[in-house]
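To keep things clear, I will list the structure first and then write my remarks on it.
The values are calculated or read from the model by the stated rules, or taken from the named source; none is laboratory data. Nothing here was measured: the structure is a model prediction, and the numbers come from that model. Counting neighbours? That spans all protein chains shown, and the Cβs are built from the backbone with ideal geometry, glycine included.
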Amino acid sequence: MTAHAELETAVAALKNGAYDYIRKPFSFDILFLTIRNALEKRSMECQLRNYQANLETKVKEQTGLINSMYLRSIHSLIKALEAKDRYTRGHSQRVTLYSMAIATHLDLPPEHLEDLRYAAVLHDLGKIGVRETILNKPGSLTSEEFLEVVRHPEVATRILSPIPLFRDILPAILHHHERFDGKGYPGRIAGKEIPLHSRIMAIADTYDAMTSTRAYRPALSEEEASAEILRCAGTQFDPEVVSVFLSVKDKLDGNGDLLPLEWRGEEESPDGDGLSVP
């Protein structure tokens with residue numbers, strides 16, 4: 001409300017948040033109408049903000065529910081895979097534990113730790129499509145059987161790719177059998193081209209496979225497995241990650257606190273891989 005009629009004054013008032021601009025002289029009817037309209041506008045703005053806030057909350061709740069359903073479905077697949085291969089019970093839990101210990105020592109940010117955690121739990125999910133007779137074969141694999149096994153990273157990414165929660169971890173899972181010298185699979189990429197999460201999981205996966213009893217061989221001792229990991233630094237494994245792993249592995253206490261909350265207290269164990277068998 002002003003006695004000034006300049007356009008600049010009106011524009012400045014509206015820019016500063018005024019609802020309307022009333023110039024003297026004015027009638028009380030116009031004043032009351034303007035105030036009523038301003039109050040109605042303010043009420044509508046408040047309702048809109050409340051609606052948006054409630055909508056965001058509902059979207060988050062629904063997203064959480066959907067993600068929980070996805071996790072339960074994937075968990076069921078992992079348990080089915082575990083039932084196919086009795087030799088690797090608890091493998092994914094241990095790979096997760098080793099991987100998280102390495103990543104924590106490397107000071108990875110929290111969001112990367114969370115991605116690695118899921119990737120480690122799910123890294124061998126693709127073996128759900130491998131025949132049980134191959135997973136539990138006591139002898140050497142034929143060329144055909146070998147090809148069936150080496151497809152498991154790609155199968156895992158196809159299973160997980162429709163799920164938004166897992167899209168960021170697909171490269172880590174796809175490339176966890178790459179070698180530092182470029183002779184791995186499926187992409188035959190080398191060095192730092194391999195995602196860091198994959199380089200971490202490769203060591204954790206191999207170490208646990210070597211120290212576990214398998215259908216085709218007895219378990220190696222921790223000392224033997226550590227020596228083999230060190231021997232393969234620079235060829236199969238990233239030497240920097242090897243150094244970190246060897247410095248932290250003896251400090252692990254074997255608890256399951258690094259597993260996703262939905263699976264904590266459960267034994268997760270899709271089949272893992274050693275140096276000679278994929």
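See the values below:
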read-out	value
Which listed residue, of Leu113, Leu97, Leu77, Leu122, is more than 20 Å from His175 (Cα to Cα) and not β-branched (Val, Ile, Thr)	Leu77
Only one of Ser92, Ser73 that is touching a residue at least 24 places away in the same chain (Cβ under 8 Å), among the polar types (S, T, N, Q) and either surrounded by fewer than 17 Cβ atoms within 10 Å (Cβ to Cβ) or closer than 19 Å to Thr206 by Cα (or both)	Ser92
Qualifying position, being at negative phi, loosely packed, with under 11 Cβ neighbours inside 10 Å and not assigned by TED's automatic domain parsing to the domain that holds Arg167, among Lys60, Lys41	Lys60
Residues satisfying the stated conditions in the stretch 171-209, i.e. under 18 Å from Glu228 (Cα atoms) and acidic (Asp, Glu)	Glu178, Asp181, Asp205, Asp208
Long-range neighbours under 7 Å by Cβ, at least six apart or interchain, first residue without any contact (Cβ under 8 Å) to a residue 40 or more places away in the chain within the stretch 109-123, second surrounded by 16 or more Cβ atoms within 10 Å (Cβ to Cβ)	Leu113/Met100; Leu113/Ala103
Odd one out for Thr133, checked against (1) under 21 Å from His91 (Cα atoms); (2) under 16 Å from the mean Cα position of the chain (by Cα); (3) polar (S, T, N, Q)	(2)
Residue match in the stretch 84-104 (condition: touching a His at 6+ places or on another chain (Cβ under 6 Å) and part of a helix (DSSP H, G or I))	no
